[in-house]
Amino acid sequence: MNDAVRVAMWSGPRNISTAMMRAFENRPDTVVVDEPLYAAYLARTGIDHPAREEVIASQPTDLATAVADLSAPLPAGRDVHYAKHMAHHVSRDMDLSWTLPFRNVLLIRDPAEVVASYVRARETCEPEDIGLTQQGWLLELWDENDLEVPILDAGDFLRAPDAYLRWLCDWLRIPFTDRMLSWPPGPRDSDGVWAPHWYAAVWRSTGFEPWRPRDTNLSDHDAAVAEACRPIYEELHARRVRV
């Protein structure tokens, strides 16, 4: 792992995870990687996602190879590595001890908001699609190993991004820079090949969008999915960072 600060930010879909990646990428000392386990997840599960074949062609489909890449040496002048992970890309039957050396962070969002956003992009949604279950048992693993893992709630964060980024940088022991609060619009070379299907709002953005209430008018099925995930969300939410 050498002396680099290696951040593993574990989110579910339809959160502020890509905007958070933009914030770190705008630092001059940081290299970011976008969902490095995505191709391995698609190859393992056979699930059909937009741009499935392009994703599989763009990344290692072998999990061990993908994980090894996360510890590769960084370019000169860079000493922070930031990985944006989707929690649903791993499964409970995996040996996830490889996560232990990383500076793991959980990024959560109210499940009703997640589901409402998810079904605008895809026709169906099930509890395992939105990552909260996986975040719950990842935290169990880290608790068993006495790791300190902060939990950031998107609703809190968007009300005070400056304060939360300062707190996170302090926890990571890296200097805060206000460059993390704004960035140029448009795509990045670091964006995954799936970006055209999911990143329209981020490509338009120049910073974190201020928090606002979201429409969470859900069908019976989608409401049931959100409620199935709510107990895990509430447990994580109770342990969230507050600044």
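So here's what we get for this one:
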{"quantity": "Close pairs (7 angstrom Cβ cut-off, 6 or more residues apart or separate chains): under 17 Å from E235 (Cβ atoms) in region 140-154, at pLDDT below 95 and not hydrophobic (A, V, I, L, M, F, W, C) anywhere", "calculated": "A154/N15"}
{"quantity": "Pair list, Cβ < 8 Å and 6+ apart or interchain, from region 161-178 residues that are under 13 Å from V80 (Cα atoms) and β-branched (V, I, T) to residues that are surrounded by 12 or more Cβ atoms within 10 Å (Cβ to Cβ) and at pLDDT 95 or above", "calculated": "I174/V5; I174/D29; I174/V80"}
{"quantity": "V5 vs. criteria more than 30 Å from E227 (Cα to Cα) and either surrounded by 20 or more Cβ atoms within 10 Å (Cβ to Cβ) or of a type in the set (G, A, S) (or both)", "calculated": "no"}
{"quantity": "Some residue of region 101-121 being surrounded by 15 or more Cβ atoms within 10 Å (Cβ to Cβ) and on the phi > 0 side of the Ramachandran plot", "calculated": "no"}
{"quantity": "Residue list for region 3-30, filter: in a helix (DSSP H, G or I) and among the acidic types (D, E)", "calculated": "E25"}
{"quantity": "Residues satisfying the stated conditions in region 191-203, i.e. within 16 Å of H85 (Cβ to Cβ) and open to solvent by 30 Å² or more (accessible area, probe 1.4 Å)", "calculated": "W198"}
{"quantity": "Residues of region 211-229 satisfying the condition of being among the charged types (D, E, K, R), open to solvent by 60 Å² or more (accessible area, probe 1.4 Å) and under 12 Å from E113 (Cα atoms)", "calculated": "R212, R214, D215, E227"}
{"quantity": "Check on R188, among the basic types (K, R), without any contact (Cβ under 8 Å) to a residue 24 or more places away in the chain and part of a loop (DSSP other than H, G, I, E, B)", "calculated": "no"}
{"quantity": "Filter pass, E140 being under 16 Å from N15 (Cα atoms) and either in a helix (DSSP H, G or I) or open to solvent by 10 Å² or more (accessible area, probe 1.4 Å) (or both)", "calculated": "no"}
{"quantity": "Filter pass, D34 being acidic (D, E) and open to solvent by less than 30 Å² (accessible area, probe 1.4 Å)", "calculated": "yes"}
{"quantity": "Tally of residues being within 11 Å of W194 (Cβ to Cβ) and buried (at least 16 other Cβ atoms within 10 Å of the Cβ) across region 57-84", "calculated": "1"}
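The values are calculated or read from the model by the stated rules, or taken from the named source; none is laboratory data. Predicted model, so just to flag it, every value in this text is computed and none were measured. So basically every Cβ, Gly included, is an ideal-geometry build from the backbone, and we count neighbours across all protein chains shown. Surface accessibility is based on the protein's heavy atoms, side chains included, excluding ligands, DNA and RNA. Shrake-Rupley method; radii C 1.70, N 1.55, O 1.52, S 1.80 Å.
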